[in-house]
Amino acid sequence: MKTYIIEIDEENIEEKKLEKPAAILSAGGTVAFPTETVYGLGANALEPKAVKKIFEAKGRPSDNPLIVHVAKMQGVEKLVKEIPPKALMAMEKFWPGPLTIVLEKTDLVPKEITGGLNTVAIRMPSHPIALKLIEKAQVPVAAPSANISGKPSPTKADHVVQDLSGRVDAIIQGNSCDVGVESTVLDMTGDIPIILRPGGITKEMLEAVLGKVEVDAALEGAEGAVPKSPGMKYTHYAPKAEVYIVKGKEEDTIEEIKRLQKQYKAQGKKVGILCFDETYSKYDEGTLKTIGSRENLKVVAANLFKILREFDDTEVEIILAEAIEEIDLGQAIMNRLVKAAGYRVIHV
Ligand code: TXA
Ligand code: MG
């Protein structure tokens, strides 16, 4: 399939350039586009045939439901049975932006979107290209991250072209994504909102507006807990190399990473290290990459997937990664890193 590639400057959007991709969406095709979190792969959410194309292009399991993206509040009302007062508060405060809200769906939302669930996940992105595209297409847009299933999510146009060129109808190339990790998924079907996936809007930010907010037990690692967000059970964000996270005090972490590095090297394996600016100078051998300063979690989040993908361009077979404290954005960052590591966390 030939993929139509369009470059658009988000600072100065030429609306004419959005006409073709919007028409492709309305006609049931697939279009990858930038959002403030990661690039998304969109299709008409109300058209099961169009939605199927997303799953095929990504190689995504069909029971993993998709987020429906809207450009206006009027877009939400027909998709959900009701908008409870707290959900409305969350929408007013955090939309447009990196918050996805799960509510009970209406019959208009096809089961292909929800993986058979009776709820639907909805988000209004804040990226100007995403908003204009959805508005012009005049349909709600289902959009998972625009990567091949299992790989790190795309935060740069190049990542999308690498993964999806020849597999989708169009790709809109914009700048790098600001947030860099996917939206927070918040279940608002009950009295107390539950975070199903940590993201750009933190628990702390949500609680300041909504009062008590819980975190899905499965996310917290409770034994036997069944993930509510079906996406949580699949391999995610994984670079080609095997990732191991080392968690503990700084000196202990560095020592353990160096010990493991030696051990794997002795086995003939090429080892990479993923660290932070603060410890960059403490390691001296191998492929070393920093995700940013521990003092600036926004930058760390924005860099994470890009750096994981960069390791794919090296010979590295094992990546030893430092952990970060799970507060504020650190929750979303560790959530993605732990999944990239296939839950291999070494406590020291
Ligand atoms: O930032 C984002 O959310 C990006 C951009 C493109 O908007 N999209 C994204 O989509 O990350 P995706 O498909 O990669 O992740 C959707 C997540 C999955 O974890 C899925 O299980 C969950 O949302 N989800 C979708 N519908 C749900 C539902 N009805 N109930 C619970 N979880 C749901
Ligand atoms: Mg994804």
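The values are calculated or read from the model by the stated rules, or taken from the named source; none is laboratory data. All values reported here derive from a predicted model rather than from experimental measurement. Virtual Cβ from ideal backbone geometry, glycine too; neighbours counted across all protein chains shown. Heads up: the accessible areas ignore ligands, DNA and RNA and are worked out on the full protein's heavy atoms, side chains in. Shrake-Rupley method; radii C 1.70, N 1.55, O 1.52, S 1.80 Å.
Remarks
- Over the chain: helical MRE at 222 nm, DSSP H runs n ≥ 4 each giving -39500 (n - 2.57), nearest 500: -9500 deg cm²/dmol
- Of the GluC sites (Glu not before Pro) found in the stretch 248-304, the ones in coil according to DSSP and having at most 12 other Cβ atoms within 10 Å of their Cβ are GLU285, GLU295.
- Anisotropy class of the stretch 269-308 from Cα gyration tensor, a/c 1.5 cut: oblate
- Legend: residues LYS105, LYS53, LYS306, sorted from most to least accessible area (1.4 Å probe; ligands, DNA and RNA excluded), read LYS53, LYS306, LYS105.
- List SER183, SER62, ordered by accessible area with a 1.4 Å probe, largest first: SER62, SER183
- Surface composition of the chain: carbon plus sulfur atoms contribute 48% of the solvent-accessible area (1.4 Å probe, protein chains only, all chains present).
- Annotation for the stretch 301-341 versus the stretch 77-111: alpha-carbon center distance of 30 Å.
- DSSP-defined antiparallel bridges as percent of all bridges, the stretch 4-179, nearest 5: 60
- Distance between modelled label sites at ILE5 and LEU108, nm, 7 Å Cα→Cβ extension: 3.7
- Partners for LYS81 among aspartates and glutamates (Cα-Cα distance below 14 Å; same-chain residues under 8 apart left out): GLU104, ASP107
- Residues of the stretch 4-179: accessible area per residue with a 1.4 Å probe, Å²: 40
- At a probe radius of 1.4 angstrom, the accessible area of the stretch 242-347 per residue rounds to 48 square angstrom.
- LYS203 accessible area, 1.4 Å probe, all protein chains in place, Å² to nearest 10: 50
- Ligands, DNA and RNA excluded, the heavy atoms of ARG294 present near 80 Å² of accessible surface to a 1.4 Å solvent probe.
- Ignoring lysines fewer than eight residues from LYS17 along the same chain, the ones with Cα atoms less than 22 angstrom from its Cα are LYS2, LYS72, LYS132, LYS136, LYS156.
- Pairs from LYS16/LYS105; LYS78/LYS306; LYS240/LYS262 whose Cα-Cα separation, in the structure shown, is over 25 Å: LYS16/LYS105; LYS78/LYS306
- Formal net charge of residues neighbouring LYS136 (Cβ-Cβ distance under 11 Å; K, R +1; D, E -1): +1
- Other residues within the sphere of radius under 11 Å centred on the Cβ of ARG123, judged by their own Cβ, net out at -2 (K and R +1, D and E -1).
- Accessible-area order (highest first, 1.4 angstrom probe) of the listed residues TYR280, TYR237: TYR280, TYR237
- Residue of PRO144, PRO34, PRO48 that the Gaussian network model of the chain assigns the largest fluctuation, springs spanning Cα pairs under 10 Å: PRO48
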